[in-house]
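This report concerns only the one structure given below.
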Amino acid sequence: MRLHVFGLSGGIGSGKSTVAAHFRARGLPVVDADVLAREVVSKGSEGLTEIIAAFGAGILTSTGELDRSALAHRVFGDPAQRALLESMTHPRVRALARERLSEIEARGEPLACYEVPLLFEAGLTDTYRPTVVVTCSPEQQIERAMRRDGATRERILARISAQMPLSEKARRADYVIDNSGDLATTKANADRVLALVCADCDVDSARYLRES
Ligand code: ATP
């Protein structure tokens, strides 16, 4: 691929989507792995058909959509079931990501961002480079995610502890975007990192950062 695709990751509520929205506003194409993950199990999809065959129709809502929380409950704490589910979803997400990125490349774009929460856990760091991680403090992560999802502290903590610690992701990243301040500061931090990514990929940053 002539298109350079860098990886954007972070922890629960650390600000990935906020930074991705800023990049999009700058004219940079962003592909969101969470959106692809929903698409590959949408109603009528091959992915959903395979999941129903393996897990039964009990993981569907009354309208025939995948009941994600029922499925999550089924595989929680059962590595074999989780691996089975992932063998049905992960290859489809990877294929769809390649398809979307090829479309972006065909438009003549030189650079794109792949927003993927499990960039490090899923071993994608050789494919999507350089790697960029959005950080804030653990307390900010908890507070922001609680406010956004209307969830309890315990629930958010359980989700956070199921992932690689954000500090570890930041240590492994090529670049870190600090999102512990206000949004204007985060946007300025994101612009600085975007300029560095462009330099790494030999892309003219003026394409995105003209007015800066
Ligand atoms: P997840 O992976 O859990 O979906 P995320 O990393 O994509 O999270 P966001 O959705 O971007 O995180 O941010 C989490 C919440 O915190 C959102 O409601 C967002 O509006 C808010 N938020 C993000 N950055 C800031 C900031 N700098 N100041 C205040 N609120 C913020």
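The values are calculated or read from the model by the stated rules, or taken from the named source; none is laboratory data. From a predicted model like this one, the values you see are computed outputs, not experimental measurements. Here the Cβ positions follow ideal geometry from the backbone for every residue, glycine too, while neighbour counts run over all protein chains shown. Please note that ligands, DNA and RNA were not included when accessible areas were found on the heavy atoms of the full protein model with its side chains. Shrake-Rupley method; radii C 1.70, N 1.55, O 1.52, S 1.80 Å.
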Worksheet item: Sequence-distant or interchain residues sharing an amide H contact under 5 Å with VAL30, placed H: which?
Response: CYS113
Worksheet item: For segment 118-179, what is the per residue volume of the convex hull drawn over the alpha-carbon atoms, in cubic angstrom?
Response: 83 Å³
Discussion item. Within 10 Å of each candidate Cβ there may be at most 15 other Cβ atoms; applying that plus a DSSP loop requirement, which trypsin sites (Lys or Arg not before Pro) in segment 21-106 survive?
Written reply: LYS43
Discussion item. Cross-link candidates for LYS187: which lysines have Cα within less than 18 Å, leaving aside residues fewer than 8 places away along the same chain?
Written reply: LYS16
Response to the item:
One computes Rg over Rh for segment 81-159 from alpha-carbon atoms, with the Kirkwood Rh, and obtains 1.06
Worksheet entry | Principal axes of the chain: Cα extent on each, largest first, Å | 53, 42, 29
Worksheet item: For segment 1-89, what is the convex hull (Cα atoms) projected area averaged across all directions, in square nanometres?
Response: 8.0 nm²
Fill in: segment 70-77 - phi-based ³J(HN,Hα) in whole Hz, Karplus 6.51/-1.76/1.60, Gly and Pro as x
5, 5, 4, 4, 5, 9, 4, x
Item to complete: Please calculate how many Å² of accessible area segment 1-149 carries per residue, with a 1.4 Å probe and no DNA, RNA or ligand atoms counted.
Response: 50 Å²
Practice prompt. In nm, give the distance between the simple-model label positions of ARG155 and ARG98, each being 7 Å from the Cα along the Cα-to-Cβ direction.
Written response: 3.7 nm
Worksheet item: Once fully extended, how much extra length lies between ASP126 and ALA57, figured as 0.36 nm per residue of separation less the alpha-carbon to alpha-carbon distance?
Response: 21.1 nm
Item to complete: Using only the alpha carbons, work out the radius of gyration and Dmax of segment 89-212 in angstrom.
Response: 16.4, 46
Fill in: Estimated [θ] at 222 nm from DSSP helical runs (n ≥ 4, -39500 (n - 2.57)) normalised by residues in the chain, nearest 500
-16500 deg cm²/dmol
Discussion item. With a cut-off of 8 Å between alpha carbons and a minimum separation of six or more residues, what is the relative contact order of segment 89-212 in percent?
Written reply: 25 percent
Discussion item. I need to check one value: relative contact order of the chain, counting alpha carbon pairs closer than 8 Å and at least 6 residues apart, in percent.
Written reply: 35 percent
Worksheet, complete the sentence: Residue separation between GLU39 and ARG172 times 0.36 nm, minus their alpha-carbon distance, gives in nm 45.0 nm
Worksheet entry | Alpha-carbon centroids, segment 49-83 and segment 163-210: separation in whole Å | 36 Å
